[in-house]
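Worksheet: the structure to be examined is printed underneath.
No lab work stands behind these numbers, since they all come straight from the coordinates. Since the model is a prediction, treat every value here as computed from it, not as a measurement. When we count neighbours, we look across all protein chains shown, and the Cβ atoms used for this are built from the backbone with ideal geometry, even at glycine.
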């Protein structure tokens with residue numbers, strides 16, 4: 001015997017005589033009596049949800065009507081058997097915005113608005129009949145936003161009559177009926193009949209437009225799976241399955257959006273498989289969203305969240321986000337070492353070698369000038385920090401994910417590694433080929449510095465957690481600061497050469513002051529970025 005569902009209908013009218021909710025003329029067809037207008041065919045900006053999927057004699061079901069972003073003014077609510085034309089059961093009120101109506105000869109069988117005030121959410125309780133031949137029911141609602149805009153027949157999930165209720169979530173017929181029913185996306189059934197994954201955790205897309213949500217529900221009859229996806233975006237939302245918590249095996253699903261909110265659902269009989277997984281494996285869920293530009297999907301580097309564990313989509317459960325929303329500590333250490341190497345020690349070593357030879361001439365240790373000892377020590381620290389940072393990054397990721405950043409990092413590491421070995425085999429200062437080493441040493445240093453700066457910019461982009469991109473702006477300020485101080489040192493050196501008979505001690509004083517100013521400025525930018533990495 002076929003079981004019918006109960007229909008809940010909501011209708012609202014903004015006309016004189018209907019603002020009070022006395023819309024008994026609409027009891028039968030659920031259509032507002034608005035002359036010269038017709039029901040809207042566009043997706044409604046409202047939803048109807050219920051708090052259970054089956055019922056028995058005497059049970060109560062809470063029905064919720066909610067607005068996405070624009071409120072509604074009125075409504076009419078009924079409950080009917082599936083395929084039926086008469087209301088069943090009785091409602092009770094939750095708030096002053098509701099009023100009870102007698103429709104179909106039954107007391108309190110409908111609910112409507114009590115005023116034309118704007119409403120974002122309405123709740124009411126429906127009580128099942130105590131006896132009789134009970135059948136499956138569904139709730140339908142007609143929303144009225146204003147006189148010209150209203151939606152008729154927005155339905156809830158099917159509520160199955162269960163004469164001998166089983167444990168929650170075990171009614172396969174409920175799952176089968178709800179699987180392919182045309183109902184709004186909501187969190188109803190999460191953990192009971194479907195897998196749900198959302199951000200924030202446990203949010204309900206039926207009541208919040210700020211909810212990113214996906215669900216998967218396997219059919220008890222065959223191998224098909226119904227997927228739902230919902231979220232606010234300027235271009236697209238997508239989900240995928242992966243063997244790890246990276247974006248390695250993702251298939252994008254693109255949809256249209258209404259009022260800035262994208263939602264879609266589909267049933268698929270395709271087997272889910274990834275490059276390294278057999279059929280029946282478990283997977284991480286990846287959810288991403290972003291904008292589009294002339295039909296081209298834009299990057300979603302910071303607009304992605306991942307499940308905290310692998311799941312089997314055929315086992316209903318509520319999945320939470322990975323608690324590791326922060327950058328791993330090992331990658332923070334990698335970033336910190338690269339900043340120290342190429343914002344402070346490396347920059348100081350290069351500046352000293354170029355501009356402070358005269359300032360320390362005749363001063364040194366073990367036959368070596370002080371500037372040379374400082375240069376070698378600082379550049380040695382920079383190379384050591386670069387190598388350690390390289391090892392930390394690749395020991396963690398074990399791949400080349402990250403776009404241009406790892407490529408730039410590898411180039412920096414290779415060139416930095418070559419630099420000290422080339423210096424060990426250089427010829428003497430008076431040798432005829434010494435100029436070859438000098439040019440190579442300088443050009444290689446410039447290449448390392450340029451690639452390191454580019455690597456830092458791309459790395460900060462990957463770590464950036466704010467929409468303003470303030471860490472990249474700080475890095476841009478550092479580059480400008482460094483160019484300015486190098487330019488001042490260069491101008492000072494040129495001026496000094498023109499005035500060979502001048503006071504040398506005075507020039508040395510200026511060189512040292514510029515070096516100290518340079519160091520303090522670099523230290524300020526470095527601390528700011530280290531704090532940013534710590535908060536990423």
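Please give the contour-minus-distance gain from residue 417 to residue 148: 0.36 nm per residue of separation, less the Cα-Cα distance, rounded to one decimal in nm. Spell out each step's value before the answer.
Values: separation 269, 0.36 × 269 = 96.84 nm, distance 7.29 nm.
Going from the current span to full extension adds 89.5 nm.
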Checklist entry - Separation between the residue 490 and residue 396 pseudo-spin-labels, each 7 Å from Cα along Cα→Cβ, expressed in nm? => result 3.6
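Can you sort 144, 483 by how many other beta carbons sit within 10 Å, fewest first? Intermediate results must be reported in sequence, preceding the final value.
Working: 144 30, 483 10.
By the 10 Å Cβ count, ascending, the order reads 483, 144.
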Next on the checklist: Could you tell me the relative contact order of the stretch 329-535? Use alpha-carbon pairs under 8 Å, at least six residues apart, and round to a whole percent.
Outcome noted: 27
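Sorted by packing (mean other beta-carbon atoms within 10 Å per residue), highest first, where do 412-422, 185-195, 133-143 land?
Working: 412-422: 16.8, 185-195: 21.9, 133-143: 23.8.
Peptide ranking by packing, descending: 133-143, 185-195, 412-422.
Please compute the contact order of the stretch 24-167 in relative form: average sequence separation of alpha-carbon pairs under 8 Å and at least six residues apart, divided by the residue count, as a percent.
Working: 334 pairs, mean separation 46.6, N = 144.
It comes to 32 percent, rounded to a whole number.
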Next on the checklist: Could you list 213, 478 so that the one with the fewest beta carbons within 10 Å of its beta carbon is first and the one with the most is last?
Outcome noted: 478, 213
Checklist entry - What is the order of 338, 535, fewest Cβ neighbours within 10 Å to most? => result 535, 338
